[in-house]
1. Would you please name the residue that is nearest to the ligand (Cβ to nearest atom), looking only at residues in region 181-199 that are touching an Asp or Glu at 6+ places or on another chain (Cβ under 8 Å) and closer than 25 Å to residue 88 by Cα?
2. Return yes or no: is residue 272 more than 17 Å from the chain's Cα centre (by Cα) and either surrounded by fewer than 24 Cβ atoms within 10 Å (Cβ to Cβ) or of a type in the set (Gly, Ala, Ser) (or both)?
3. Inside region 180-204, can you point out the residues that are polar (S, T, N, Q) and in a loop (DSSP other than H, G, I, E, B)?
4. Tell me which residues, restricted to region 115-133, are among the hydrophobic types (A, V, I, L, M, F, W, C) and closer than 18 Å to residue 150 by Cβ.
5. State whether the residues of region 103-115 include one that is charged (D, E, K, R) and modelled with pLDDT of 95 or more.
6. Going by the structure shown, is residue 193 among the small types (Gly, Ala, Ser) and touching a Pro at 6+ places or on another chain (Cβ under 8 Å)?
7. Could we say that residue 222 is buried (at least 19 other Cβ atoms within 10 Å of the Cβ), of a type in the set (S, T, N, Q) and touching a Leu at 6+ places or on another chain (Cβ under 7 Å) here?
Amino acid sequence: MAARVPGGLTGELAGELADELNGGPSSEPSRGLSSEPGDRPSDRLSHRPAAAVRQLTRRFGDRTVLDRLDLEIAGGEFVALLGRSGSGKSTLLRALAGLDQEIDGSLTVAGSVAVAFQEPRLVPWKRVRANVALGLGGPDPLDRADTALAEVGLAERSGAWPLTLSGGEAQRASLARALVREPSLLLLDEPFSALDALTRITMHGLVLELWAAHRPAVLLVTHDVDEALLLADRVLVLDAGRVAHETVITTPRPRHRDHPDLIALRATLLAALGVSPEGTT
Ligand SMILES: Nc1ncnc2c1ncn2[C@@H]1O[C@H](COP(=O)(O)OP(=O)(O)OP(=O)(O)O)[C@@H](O)[C@H]1O
């Protein structure tokens, strides 16, 4: 069965940015399915899922990385995805982003998708503002880029060259580039893992602010159980190609990592990952 992939990202990113972002031409730039009216964030009260994945399978040679995986993400929901290294987290994210067409099963994303990667992937020869606006359709892309940069606290660095940004600033710019596309699904692939601990805490606060203001559905890939517990409505653990464990977190935000609910959930998640609380397997 062929996968159905929406055109929101493929139109904006896969065509013009994928070569820059992924170091090579995308295998199939666009399948031409466009965002439907009614998929904008303000229309999401219909509770239509932001993403629905059914029986998704991805093989690399004779290795099956995703194996008939089912997943649904509600509009506006914040989902974190954990899993051991090599469990297929990035593979799933790339499929949702429309960057991988070699998949079996069905995959439906309502509206547009934007991605922020572990490395900010800014084009070094374009100023920050132009990076954020890169591939952006519609009117006044540079003005909209500036608005997004202000929202992530980077207004003053809008005219800077990417190489002059700190790691945290570059990751803010990457978030602005995702945000300016007003995605109904925001995919975050370990966006904070290369940052120092203090910057990471600041970025957690920023992401929650942006999420509250724009309310996209979020799928955050992370290795950090605490990050998942602090941010997400629901935490999934990927194992053997499928969602092997699911934890719903109802603790109100802002959350403190020492909250008794989170301490209990941390132990559950570590067990689901096959890791003892002391960190040994
Ligand atoms: N293009 C590719 N060709 C061959 N194998 C691949 C390709 N992309 C991914 N894989 C393999 O698929 C498996 C899952 O990779 P993936 O990057 O999705 O894992 P991950 O859970 O994101 O890992 P990590 O936590 O280390 O980032 C790995 O074994 C990887 O080597």
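1. 193
2. Yes.
3. Scanning region 180-204 gives 184, 193.
4. Within region 115-133, 116, 122, 128, 130, 132, 133 meet the criteria.
5. Yes: region 103-115 contains one or more residues that are charged (D, E, K, R) and modelled with pLDDT of 95 or more.
6. no
7. yes
The rows are residues; the columns are (1) away from the ligand (no atom under 16 Å from the Cβ); (2) in a strand (DSSP E or B); (3) more than 29 Å from residue 57 (Cα to Cα).
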| position | (1), (2), (3) |
| --- | --- |
| 206 | yes, no, yes |
| 209 | yes, no, yes |
| 213 | yes, no, yes |
| 223 | no, no, no |
| 243 | no, yes, no |
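The values are calculated or read from the model by the stated rules, or taken from the named source; none is laboratory data. Everything numeric here is computed off the predicted structure, so don't read it as measured data. Note: ideal-geometry Cβ built from the backbone for every residue, glycine included; neighbour counts use all protein chains shown.
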